[in-house]
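Reading through the structure tokens given below for one structure.
All of the numbers you see were taken from the coordinates with simple rules; none came from a lab. Keep in mind that what you see is a predicted model, and the values were worked out from it rather than measured. In this analysis, Cβ positions are derived from the backbone assuming ideal geometry, glycine residues included, and neighbour counts consider all displayed protein chains.
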Amino acid sequence: MASELVPPARARSIGDTELIWMMAMLMALQAFGIDAILPALDDVALSLSVEGNDRQFVVGIYLLTAGIGALVPGALADRFGRRPVVLASIAVYVVLSLVSAFVTTFEALLAVRAAQGFFGAGIVALPPAIIRDRVGGDKMARMMSLIFVIFLMVPAIAPLIGSLILQIADWRAIFLVMALQGIAVGTWIWYRLPESLSPGDAVPIRPRVIAANMARALSLPSVVGYVFGSAVVFGALFGFINSSQQLITDGFGAGDLFPYVFGVCAGSMALASWSNSRIVERFGARRVSHTAVLAFVMVASVQVFFAFQPNQSLWQFVPLMAVNMALLGFIGSNFGAIAMNPFFAIAGAASSVHSAVRLSMASILGAGIGYAFDGTARPLALALLASGIVCLLLVLFSEKGRLFGPPEPALRVGAKPAE
């Protein structure tokens, strides 16, 4: 079993700094696959004869199947180890990126993107499990925040990279660049990532055991509000991602500024995640994230007010959207760490089912919000406010009506909290 989980040639140590960068770049493959194609949606629609809001499905179908597919890699990783499942996910990502570059119909593109999201889901589902193998509590929240700082640099610049690619080639070249990035990250992981699953913690693949572990990962009242709460607020974020190109280009008439507007908004999340990494161990993931949720509701209320004013300007929209995306930077990693903390022994299954719920729910909500685009920011603003309120109610449920709980201790390998 030990040789199966940790190949001798790979049994080496890796520092926290390198691991943080590695996991961030792994997750960034998905971010680039979503955001780099946004500036090309008009070109895709023209090239493949797509009408109206249907072009958004190039993004939406990938997000949805990635959420559903996230149920699979955790169970495999709890049995065979993290490394082989991660490497297999990257291989699928690379191959299907190449296939996407050569499709000739919109239906074929959607089918390939759906398969890529489903079979490559491990690139996002497994990093929290790998981190949880090493640490827990607010220490995990700090590491996940640093991962998100680096990870969010990608969506901040991906649309600009996509725009630059379009100046020298067509939209198909974006998928070729995706494949090259996957090869680079896969090579790095192959040579440097040690297996983090202890041989003694390997779980046999038994459907009943897997189902029980996943059910347990969603059954604790103290956890469920954070999983579903993050799914709801990130659903509103996905609604922005899905409709952002049309909103900025058609709604505000600023298509040339789209990569920069998107970069400012995504960059605000990266800055917030960096700030979170500096304060979360001092104040605790609960105190920081609860404050962010309350602020999110207030800012969304202001967004609704401006959205319903006649002739809302881009410069009224962008600062508020950037602030709310920054607040998501204080919510996402902290909610994830709180939800994962009780599940040291089944980190793979817990990470998978949490990722599946978050991504699938968020993608469905995001697709609905994006498809409701009517030429204004009103559907998005209303969705942001509603999601913030629902998230707050879910957190109150998990915390039995009390907010701003104390920090949690950092738990390292071998220190198993009660489940």
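Each of 311, 362, 349 was scored by the projection of its Cα onto the charge dipole of the chain, and the greatest displacement toward the positive side belongs to 349; charges sit on the C-beta of Lys, Arg, Asp and Glu. Take every pair of alpha-carbon atoms less than 8 Å apart whose residues are at least six positions apart; their mean separation over the length of the range 85-138 yields a relative contact order of 47 percent.
Span-like helix criteria (full DSSP H runs; alpha carbon extent of at least 24 Å along the helix axis; mean Kyte-Doolittle hydropathy of at least -1.0) are satisfied in the chain by 16-35, 82-100, 137-168, 172-192, 221-246, 258-283, 285-307, 314-340, 347-371, 378-398. The value for the chain of Rg(Cα) / (2.2 N^0.38 Å) is 0.93. Stokes-Einstein diffusion for the range 73-124 at 20 °C, viscosity 1.002 mPa s, with a Kirkwood radius from C-alpha pairs, works out to 187 µm²/s. In the range 276-383 the Cα-Cα distances spread across 5 Å bins starting at 0 as 2, 11, 16, 18, 19, 14, 10, 6, 3, 1, 0 percent of all pairs. Helix content alone sets the calculated 222 nm mean residue ellipticity of the chain: runs of n ≥ 4 DSSP H residues at -39500 (n - 2.57) each, divided across all residues, give -25000 deg cm²/dmol.
Protection proxy ranking for 296-306, 60-70, using the average of other Cβ atoms within 10 Å per residue and placing the highest first: 60-70, 296-306. Our summary gives the range 7-141 a relative contact order of 32 percent, counting only alpha carbon pairs under 8 angstrom and 6 or more residues apart. Name the most mobile residue of 188, 274, 315, meaning the one with the largest mean-square fluctuation, in a Gaussian network model of the chain with Cα contacts below 10 Å. Highest fluctuation of the listed residues: 315. A simple count of charges around residue 330, restricted to other residues whose Cβ falls under 15 Å of its Cβ and scoring Lys, Arg +1 and Asp, Glu -1, yields +3. Counted residue by residue at 0.36 nm each, then reduced by the alpha carbon distance between them, the extension gain from residue 306 to residue 87 reaches 74.2 nm. Think of the chain as a dipole: +1 on every Lys or Arg Cβ, -1 on every Asp or Glu Cβ, centred on the Cα centre; then among 239, 254, 225, 225 lies furthest on the positive end.
Remark: the range 58-207 projects, on average over all directions, an area of 10.1 nm² (convex hull of Cα atoms).
Against the empirical 2.2 N^0.38 Å (N residues), the range 260-299 has a Cα radius of gyration ratio of 1.30. Inter-label distance, residue 46 to residue 294: 5.0 nm, where each label sits 7 Å from its Cα along the C-beta direction. Translational diffusion of the range 236-309 was estimated from the Stokes-Einstein equation, with Rh taken as the Kirkwood radius over Cα pairs; at 10 °C and 1.306 mPa s the coefficient is 111 µm²/s.
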